[in-house]
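Visitor: Before I ask anything, here is the structure I am working with.
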Amino acid sequence: MARKIVVTSGKGGVGKTTISANLGANLAKLGKKVVILDVDIGLNNLDVVMGIENKIVFDIVDCIEGRCRVKQAIIQDFCEPNLFIMPSSQSLNGTRVSGSGIKSIVDELSDNFDYVLIDCPAGIDIGFHRAVFSASEALVVTTPHLSAIKDADKVVDILKTYCLSSVGLIINRVRGDLILNKEMMTVESISKFFDIDLVGVVPEDDKISAYLSLGKTINVKSKALSAFNLLAQNIHYGFRKIYDVTYSYNGLFGYIKRSLRKNI
Ligand code: ADP
Ligand code: MG
């Protein structure tokens, strides 16, 4: 039986798809068999981010409507052999998809995988409820910006009406330099807004955009890779060690100072 985890946020553009893809890749690196479902019906994103859009023959709606078997709609990732993706439909007509349709797919996948990650659409309307309905755990993503924090807080309240075994918080796009300059809220002050556990902190990292635009998850040594590694370990082993952006920024700053001194 897989752990069925929905990655949600309320606000769009805060990094749900980025986190689903990179968390999936890092859980796969831990030797776990992972499938990520894009349930943003009509606005497929995950296939583009993971560079598999040209490999799609069937999608989640084909599967729900019986035009193919579940196995036929999952695509293996290029880099991680343990990672699979079930793409969303590109057709705009997602209205005929029901929560129980998605749940039946998730439950079937759950027999053959260790993790089913569900990449949720933005908002708190039907698409959100359809995605959460089939999950047993949730991860709520926010950035350090007030509008995202408020939306995430609303989502946490709605998630309480579901029977989920755990709800964790991920803070994305954190900048150590801005925190040190007191221009960005600290991780501690953001997590105080919420009464759920903080399970991951992901720094702002240009490599994320660069890699995702190539249709790949991050696999070069970088701040983001370390953060996704730690996040996957926190999720899988239940550690509570959080990637420290201010430390990483200080470390980088120290390195630049040392190199400058050498040049002098
Ligand atoms: P969502 O799925 O919540 O709508 P996405 O995952 O599509 O959000 O991310 C929106 C944009 O933000 C993408 O262009 C992505 O590359 C960028 N992004 C997400 N997280 C980071 C990060 N930590 N550092 C830099 N860019 C990021
Ligand atoms: Mg998305």
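Visitor: Say a site is exposed when it is one of the GluC sites (Glu not before Pro), sits in a DSSP loop, and has at most 14 other Cβ atoms within 10 Å; what is then the longest site-free stretch of the chain?
Guide: 66-182
Visitor: Where does the range 169-208 land on Rg/Rh, using Cα atoms and the Kirkwood Rh?
Guide: On the Cα set of the range 169-208, Rg over Rh gives 0.99.
Visitor: Here's a follow-up. Given R₀ = 25 Å, what would the calculated FRET efficiency be for S91 paired with Y162, taking r from the Cβ atoms and rounding to 0.05?
Guide: 0.35
Visitor: Can you pull the one-decimal nm distance between simple spin-label points at S189 and S104, each 7 Å off the Cα toward Cβ?
Guide: About 5.0 nm, to one decimal.
Visitor: Now for a separate question. Over all pairs of distinct alpha carbons, what does the Kirkwood formula give as the hydrodynamic radius of the chain, in Å?
Guide: One over the average 1/r among Cα pairs gives 18.7 Å for the chain.
Visitor: Evaluate the distance, in nm, between pseudo-label points positioned 7 Å from the Cα of M1 and of L180 along their respective Cα→Cβ axes.
Guide: 4.7 nm
Visitor: Using DSSP to call loops (not H, G, I, E or B), can you name the trypsin sites (Lys or Arg not before Pro) in the range 167-244 whose Cβ has at most 12 other Cβ atoms within 10 angstrom? If you can, show how the numbers build up before the last one.
Guide: Details: sites: R173, R175, K182, K192, K207, K216, K221, K223, R240, K241; in loops: R175, K182, K216, K221, R240, K241.
Of the trypsin sites (Lys or Arg not before Pro), the ones in loops of the range 167-244 whose Cβ has at most 12 other Cβ atoms within 10 Å are K182, K221, R240, K241.
Visitor: Continuing with this model, one more query. Based on the alpha carbons, how large is the Rg to Rh ratio for the range 113-264 when Rh follows Kirkwood?
Guide: My calculation of the ratio gives 1.01.
Visitor: Can you tell me what share of the DSSP beta bridges in the chain is antiparallel? A percent to the nearest 5 is fine.
Guide: Here the share of antiparallel DSSP bridges comes out near 5 percent.
Visitor: Hey, what's the chain come to in accessible area per residue, 1.4 Å probe, Å²? Write down the numbers at each step before the final one.
Guide: Numbers: 12380 Å² over 264 residues.
Result: 47 Å² of accessible area for each residue.
Visitor: Dipole size in debye (nearest 20) for the chain around its Cα centre, Lys and Arg Cβ +1, Asp and Glu Cβ -1?
Guide: Here the size comes out at about 900 debye.
Visitor: Tell me the mean residue ellipticity at 222 nm calculated for the chain from its helices only (DSSP H runs of n ≥ 4, each -39500 (n - 2.57), averaged over every residue, nearest 500).
Guide: Values: 11 runs with 110 residues, N = 264.
The per-residue figure over the chain is -12000 deg cm²/dmol.
The values are calculated or read from the model by the stated rules, or taken from the named source; none is laboratory data. For clarity, every value in this text was computed on a predicted model and none was experimentally measured. Positions of Cβ are generated from backbone atoms using ideal geometry, with glycine treated the same way; all protein chains shown enter the neighbour counts. SASA here: full protein model, heavy atoms, side chains in, ligands and nucleic acids out. Shrake-Rupley method; radii C 1.70, N 1.55, O 1.52, S 1.80 Å.
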